[in-house]
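Following: one structure in structure tokens, then a few remarks.
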Amino acid sequence: MKINSRFILVSLFATSLLSSCFNNSHKHVFIAKAAVNPTCETDGNKKYYVCDTCGVYFDENRNQTTMSQIRLPALGHHFVDVTAEQPTCDKHGNLDYSYCDNDGCNKCFDFDHLNEHPLSDFLIEPTGHDFVDVKKKDATCKESGNIAYSYCQKEECGEYFSFDHSEKISK
């Protein structure tokens with residue numbers, strides 16, 4: 001059997017290092033690690049220290065600990081369901097979808113919460129007004145007149161606009 005001297009040397013060094021660490025026979029060299037807030041999908045951690053010599057973890061009070069005690073689990077998404085709405089002349093509509101309302105997330109998902117999509121995948125463009133232009137009519141002694149104006153002839157709308165369609169007006 002061939003013995004690899006490099007393997008033996010590395011094993012002896014690691015054993016000596018770990019043994020001295022766990023027996024507190026060396027002075028730990030503390031490297032501070034900042035706290036990281038968890039996100040919906042990624043774990044975070046509390047503030048901690050790690051010994052630069054032996055790799056042992058310590059809590060913020062420099063008590064020996066484990067990574068599992070330092071770790072902060074991912075939050076998971078908090079889904080808000082949005083039901084479908086039909087577009088109007090001047091307002092977007094949307095398909096059924098969900099979004100996460102955790103701070104900093106706001107990702108959008110299928111209504112079943114399985115697949116992420118950009119919000120634009122769920123939006124339906126406004127339908128636009130169907131204008132009817134009414135020309136100016138001078139008043140006579142028998143009939144009232146009107147300014148030039150336009151209105152949307154869609155039953156669900158019926159809004160009135162300036163003749164050039166640039167602004168809403170009252171009837």
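Percent relative contact order of the chain, based on C-alpha pairs within less than 8 angstrom and at least six residues apart?
On the way: 301 pairs, mean separation 19.0, N = 171.
Taking the mean separation of contacting Cα pairs over the length of the chain, I get 11 percent.
Farthest toward the dipole's positive end in region 17-144, which of F111, P73, L123, given Cβ charges of +1 (Lys, Arg) and -1 (Asp, Glu) about the Cα centre?
It is P73.
For the chain, please report how many Lys pairs fall under 28 Å Cα to Cα, leaving out neighbours fewer than 8 apart on the same chain.
Close lysine pairs found across the chain: 23.
Residue by residue through region 85-97, which ³J(HN,Hα) values in whole Hz follow from phi under the Karplus form 6.51 cos²θ - 1.76 cosθ + 1.60 (θ = phi - 60°), with glycine and proline marked x?
9, 6, x, 10, 4, 10, 10, 4, x, 7, 7, 4, 7
Once you put a point 7 Å from the Cα of D96 and another 7 Å from the Cα of F30, both along the Cβ direction, what distance in nm separates them?
5.5 nm
Quick one: Karplus J couplings for region 49-64, per residue in order, coefficients 6.51, -1.76, 1.60, θ = phi - 60°, nearest Hz, x for Gly and Pro?
For region 49-64, the Karplus-derived couplings read 10, 10, 6, 5, 8, 10, x, 6, 8, 9, 6, 5, 9, 6, 8, 4 Hz, x marking Gly and Pro.
For T53, which sequence-distant residues (separation of 5 or more, or a different chain) have an amide H within less than 5 Å of its own amide H, given hydrogens modelled in the peptide plane?
Those lying under 5 Å, H to H, from T53 are V29.
Of the listed values (1) 23.4; (2) 18.6; (3) 17.6, grab the one calculated as Kirkwood radius over Cα pairs in Å from the structure here.
(1)
Which value, in debye to the nearest 20, describes the size of the charge dipole of the chain about its Cα centre when Lys and Arg Cβ atoms bear +1, Asp and Glu Cβ atoms bear -1, and nothing else is charged?
1400 debye
For the pair E125 and S144, how long in nm is the line joining their label points, each one 7 Å along Cα→Cβ?
A separation of 3.9 nm, rounded to one decimal place.
Every read-out reported here was derived from the displayed coordinates using simple, explicitly stated rules and does not represent laboratory data. Not measured: the values here are computed from a predicted model. Cβ: placed from backbone, ideal geometry, glycine included. Neighbour counts: every protein chain shown.
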